[in-house]
Amino acid sequence: MEEYALTKDRLMLVIDEADHLLGTRFYNDFFGMLRAWHNRASYDKPWDKLNIVVAVATDPWLFIQNINQSPFDVGLKLALNDFNKFQVRDLNQRYGSPVSDKNFPRLIDLPERSSVPYTPSIIRISQRQTDLG
């Protein structure tokens with residue numbers, strides 16, 4: 001990592017949907033490694049170029065058995081709320097209103113039916129990759 005990735009000015013490692021790692025045989029070691037990388041930045045110059053962003057949709061404390069290895073008790077924690085119907089309507093408009101007013105109530109109900117987030121759903125609908133049918 002240090003020889004190849006940390007030779008640049010800054011590096012941001014973004015891990016989305018990290019909750020999918022839960023239950024793997026390596027998840028504890030993986031999150032422990034992230035914490036070790038974070039700690040290393042305090043005393044090893046090249047490592048202070050690394051920023052780590054981990055996005056999860058579940059309680060982060062489920063991820064690690066040893067609290068001293070947890071990457072979730074350092075840094076900044078951002079909790080996002082669900083979109084309200086006005087925000088979903090705005091998002092739909094920003095993508096050219098692919099969901100009609102008639103079908104809009106079905107879009108609002110979509111996450112409760114299938115746990116599909118609004119943004120990817122609207123993007124797929126706007127690109128005609130799917131519909132609400």
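Laboratory data are not the source of any read-out in this text; all were calculated from the coordinates shown. All values derive from a computational prediction rather than experimental measurement. Methodologically, a virtual Cβ is constructed for each residue, glycine included, from the backbone with ideal geometry; neighbour enumeration extends over all protein chains shown.
Can you give the net charge of the other residues whose Cβ lies under 14 Å from the Cβ of SER42, counting K and R as +1 and D and E as -1?
Numbers: positive: ARG35, ARG40, LYS45, LYS49; negative: ASP44, ASP48.
The answer is +2.
Counting other beta carbons within 10 Å of each residue's own, what order do ARG106, ARG89, ARG10 fall into, fewest first?
Working: ARG106 14, ARG89 17, ARG10 9.
Going from least to most buried by this count: ARG10, ARG106, ARG89.
Note down the net charge around ASP101, summing +1 for each Lys or Arg and -1 for each Asp or Glu among other residues with Cβ under 13 Å from its Cβ.
Details: positive: LYS85, ARG89, LYS102, ARG106; negative: none.
Surrounding charge for ASP101 is +4.
Among residues other than ASP9 whose Cβ falls under 14 Å from its Cβ, what is the net charge (Lys/Arg +1, Asp/Glu -1)? Intermediate results must be reported in sequence, preceding the final value.
Values: positive: LYS8, ARG10, LYS45, LYS49; negative: ASP48.
Around ASP9, the surrounding residues sum to +3.
Please go through the residue pairs LYS77/LYS102; LYS8/LYS85; LYS8/LYS77 and name each one whose alpha carbons sit more than 31 Å apart in this structure.
Beyond 31 Å between Cα atoms: LYS77/LYS102; LYS8/LYS85.
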